[in-house]
Amino acid sequence: MTVAAISWSAANARRMERQFLRTPAKPGEAGPGDVVDAMLAAQAQVPSAAELSVGLRMDGATRQDVRDALWGEEPSLVKTFGPRGTIHFLPAAQLPMWTGALSAVPAGPSPFKAGDRLTPAQTDEIVSAIGAALDGARLTIDELSDEVVARTGPWAGDLVMPAFQGMWPRWRSVMHLAGHRGVLCFAPNRGRKVTYTRPPTSGEPPLPAEVATERLVRRFLYAYGPATPREFAKWAAAPGGWVADVFASLASSGEIEAVEMDGEPSAWVVAGDTDFPGEPVRGVRLLPYFDAYVIASHPRERLFPGRAYERALAGGQAGNFPVLLVDGVVAGVWHQRRSGRRITVTVEPLAPLSTGQERELAGQVERVGEVLEGRAELVVGAVRVGAHA
């Protein structure tokens, strides 16, 4: 049985509210770890964009606050391999859930030739070697490679994995699994070199697979619901059939319930979580590359209406452009160029802005500068930079 119909506008307003996009967190209300927890995770393959994603959700925060949360004495964030195998900031307090859930997602078909693939036993041996090498250490990728090969065998170092300008050793094909299993994360750079270590831990092991995956689904629905199993599967890069089984288990135990959204009775929320804002979103926001909100929110055609669907998506993929939001939907793209402390923010609206919206946009640009610890200036015009890979 479904509850009363929910409009997409109300769902969108609740998503933005819960992610501190409607009103940024006040000082003392939520720190970087809490904010990323509200987002579930912050994609961080572009580090400055991830810092901006988090900082914009906190009143008065800067990128240094995010860095302190990552590298300080009591870190509340961990930089590691998250959903979709991509680099993310994850809340340290939720690592037992994340490692349990990510390790449980069935692997897809291997892209490597049969002779280059790792067996399950070899994968386990490499992950164990990575964890042992990083215990109490901070290693560059070359140092880690030497340790893994020394602890396993020459086969792990065979150059069989296509890379940007050459070939990588075989063991790196499962490096992300070491992150998923909780034995690898990023450490502060050594000069310009990336380093790795073991994640900070409270001693809690990964949650059991079923407990962790069901908890992650509930957390996803709280942050981005109403949502469908297909939308969760896309976000998690998980097999559709496996996700359908997880949803079915949660539904049968009464932990999630189906709702109607814009006439479609196929979306889900956490059981009893059916209160939605009465007012739609108003105002202007700037979101950087790969912001969690645009990646996880569906349906795409509602968040990217009209021209935005072609201009602000890359073949239907969200996150590859920084976006301008007007009243909760994508209404343009933007780009920033930095020279010392000067940051030029070029914004390309897809429709004329009102005088009030222009003032809000100027305020958002100023806030971007504050987060990035620079002086931002606004230029309204065409963005010539293409989509990020």
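Search the stretch 160-190 for residues being part of a strand (DSSP E or B) and under 24 Å from the mean Cα position of the chain (by Cα), and hand back the single one that is surrounded by the most Cβ atoms within 10 Å (Cβ to Cβ).
Taking the candidates together, the pick is CYS185.
For a quick check of your reading: which helices (runs of 4 or more DSSP H) sit entirely within the stretch 191-296 and have at least 1 residues that are assigned by TED's automatic domain parsing to the domain that holds TRP334?
Values: elements: 209-224, 229-236, 240-252, 292-296.
Because the criterion is at least 1 residues that are assigned by TED's automatic domain parsing to the domain that holds TRP334, the helices (runs of 4 or more DSSP H) in the stretch 191-296 that meet it are 292-296.
Entry remark, the stretch 375-389: residues being crowded, with 18+ Cβ neighbours inside 10 Å and over 24 Å from LEU313 (Cα atoms) number 1 in total.
Being at pLDDT 95 or above and in contact with a Phe, Trp or Tyr (Cβ under 9 Å, 6 or more places away or on another chain) is the requirement here; does ALA49 meet it? Yes: the conditions hold for ALA49.
All conditions in (1) surrounded by 17 or more Cβ atoms within 10 Å (Cβ to Cβ); (2) assigned to a loop (DSSP other than H, G, I, E, B) hold for VAL78, with the sole exception of (2).
Counting only residues that are part of a loop (DSSP other than H, G, I, E, B) and within 11 Å of the chain's Cα centre (by Cα), which one in the stretch 20-45 is farthest from PRO188 (Cα to Cα)? Steps first, please.
Applying the first criterion (part of a loop (DSSP other than H, G, I, E, B)) to the stretch 20-45 yields 20-24, 26-31, 40-41, 44-45.
Filter again for within 11 Å of the chain's Cα centre (by Cα), leaving 40-41, 44-45.
Details: LEU40: 23, ALA41: 19, ALA44: 14, GLN45: 15 Å.
In this case the residue turns out to be LEU40.
Touching a residue at least 60 places away in the same chain (Cβ under 8 Å), crowded, with 20+ Cβ neighbours inside 10 Å and not assigned by TED's automatic domain parsing to the domain that holds PHE321: does that describe ALA5? Break it down stepwise before answering.
Numbers: touching a residue at least 60 places away in the same chain (Cβ under 8 Å): yes; crowded, with 20+ Cβ neighbours inside 10 Å: no; not assigned by TED's automatic domain parsing to the domain that holds PHE321: yes.
For ALA5, the condition - touching a residue at least 60 places away in the same chain (Cβ under 8 Å), crowded, with 20+ Cβ neighbours inside 10 Å and not assigned by TED's automatic domain parsing to the domain that holds PHE321 - is not met.
Does ARG302 satisfy being more than 26 Å from PRO83 (Cβ to Cβ) and surrounded by fewer than 22 Cβ atoms within 10 Å (Cβ to Cβ)?
Working: more than 26 Å from PRO83 (Cβ to Cβ): no; surrounded by fewer than 22 Cβ atoms within 10 Å (Cβ to Cβ): yes.
Answer is no for this residue.
Is it the case that GLY108 is touching a Pro at 6+ places or on another chain (Cβ under 9 Å) and not acidic (Asp, Glu)? Spelling it out, GLY108 is indeed touching a Pro at 6+ places or on another chain (Cβ under 9 Å) and not acidic (Asp, Glu). Checked against (1) in contact with a helix residue (DSSP H, G or I) (Cβ under 6 Å, 6 or more places away or on another chain); (2) surrounded by fewer than 16 Cβ atoms within 10 Å (Cβ to Cβ); (3) within 22 Å of TRP71 (Cβ to Cβ); (4) of a type outside the set (Asp, Glu), ALA209 passes all but condition (3).
Restricting the stretch 335-374 to residues that are among the polar types (S, T, N, Q) and part of a strand (DSSP E or B), which is farthest from the chain's Cα centre (by Cα)? Taking the candidates together, the pick is SER339. Do we find that THR228 is within 20 Å of ALA292 (Cα to Cα) and either hydrophobic (A, V, I, L, M, F, W, C) or in contact with a strand residue (DSSP E or B) (Cβ under 8 Å, 6 or more places away or on another chain) (or both) in this structure? When the stated conditions are applied, THR228 passes them.
The values are calculated or read from the model by the stated rules, or taken from the named source; none is laboratory data. Quick caveat, the model's predicted, so the values are computed rather than measured. Positions of Cβ are generated from backbone atoms using ideal geometry, with glycine treated the same way; all protein chains shown enter the neighbour counts.
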